[in-house]
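Let me begin by presenting the structure, written as structure tokens, before commenting on it.
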Amino acid sequence: MNEKNEELKRKIKKTLDRDRYQHTLGVAYTAACLAMRYNADMEDAITAGLLHDCAKCIPTDEKYRLCNKYGIELSEFEKENPALIHAKLGSYLAKSKYGIKDPDILEAIRTHTTGEPGMSLMQKIIFTADFIEPRRDQAQNLTEIRNLAFTDIDKAVGKILFDTLNYLGKKKDSPIDPATRLTYEYYSKEQQ
Ligand code: DGI
Ligand code: FE
Ligand code: FE
């Protein structure tokens with residue numbers, strides 16, 4: 001990675017716990033591989049990967065405080081499910097604290113948890129890399145989805161959303177964000 005990304009890597013390490021840092025490196029390198037495959041900018045993909053969870057290790061009350069302070073508007077679902085806030089807050093911090101200006105990188109961070117209909121290639125790369133990076137081992141169908149990611153990224157996105165909805169649907173106390181459902185509907189139609 002270039003010097004700018006090396007510096008980001010050093011900075012982000014200080015704000016994440018050990019596991020989250022290892023996951024972050026996995027996402028950055030996986031995003032780089034997907035960028036090679038689909039002719040996206042590799043260094044931009046690494047930047048987005050390094051920063052995608054930059055707000056993840058902020059305590060929940062602090063997340064709410066920062067969103068309030070910076071005027072970051074949360075959806076009703078995000079207000080009730082703080083696990084989703086790190087995407088929007090992370091995108092804001094990527095710009096204000098880490099100096100990222102490229103809107104495509106910022107959007108990829110903002111949408112990495114739920115996705116959104118009609119994503120750019122960079123958004124799809126980060127959404128997919130977050131799910132398939134080497135340290136992920138819990139999800140079903142990982143082998144198939146990892147393969148699909150490098151053959152047809154739109155199908156991979158659809159399958160990730162299908163499995164996520166299925167998983168959250170079975171889990172107790174895990175309501176589904178309308179954004180996740182909308183993205184699934186979009187990418188399941190795309191495949192037909
Ligand atoms: O930040 P990561 O752990 O790398 O992964 P992530 O950003 O995809 O997910 C963060 C959390 O959000 C994870 O615990 C799963 C959860 N999540 C994703 N979509 C939904 C969701 N939780 C609910 N309740 N509903 C969703 O639609
Ligand atoms: Fe995340
Ligand atoms: Fe992540």
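Just so you know, all these numbers are worked out from the coordinates, no wet-lab data involved. Just so it is clear, the model here is predicted, and its values are computed rather than measured. Cβ atoms come from the backbone with ideal geometry, glycine included; neighbour counts cover every protein chain shown.
Summary table
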| quantity | calculated |
| --- | --- |
| Estimated dipole of the chain in Debye, rounded to 20 [Cβ of Lys and Arg +1, of Asp and Glu -1, Cα centre] | 520 debye |
| Positive dipole terminus of the chain, leading residue within THR151, TYR187, GLY26 (C-beta point charges) | GLY26 |
| CD proxy at 222 nm, helix term only [per DSSP H run n ≥ 4: -39500 (n - 2.57); per residue of the chain; nearest 500] | -20500 deg cm²/dmol |
| GluC sites (Glu not before Pro) restricted to DSSP loop in the range 1-105 with at most 16 other C-beta within 10 Å | GLU73 |
| Candidates ALA149, ALA83, ALA31, ranked by Gaussian network fluctuation over the chain, Cα under 10 Å, top entry | ALA83 |
| nm² value of the averaged projected area, convex hull over the Cα atoms of the range 3-138 | 8.1 nm² |
| Stokes-Einstein D in µm²/s, Kirkwood radius over Cα pairs - the range 125-192 at 4 °C with 1.567 mPa s viscosity | 105 µm²/s |
| Computed over the range 74-192, Kirkwood Rh from alpha-carbon pairs, angstrom | 14.8 Å |
| Coil-residue trypsin sites (Lys or Arg not before Pro) of the range 36-75, DSSP, other Cβ within 10 Å capped at 13 | none |
| Residues CYS57, CYS67, CYS33 arranged by fewest to most Cβ contacts within 10 Å | CYS57, CYS33, CYS67 |
| Loop-resident sites, the range 139-176, for trypsin sites (Lys or Arg not before Pro), counting at most 16 other Cβ within 10 Å (DSSP) | LYS171, LYS172 |
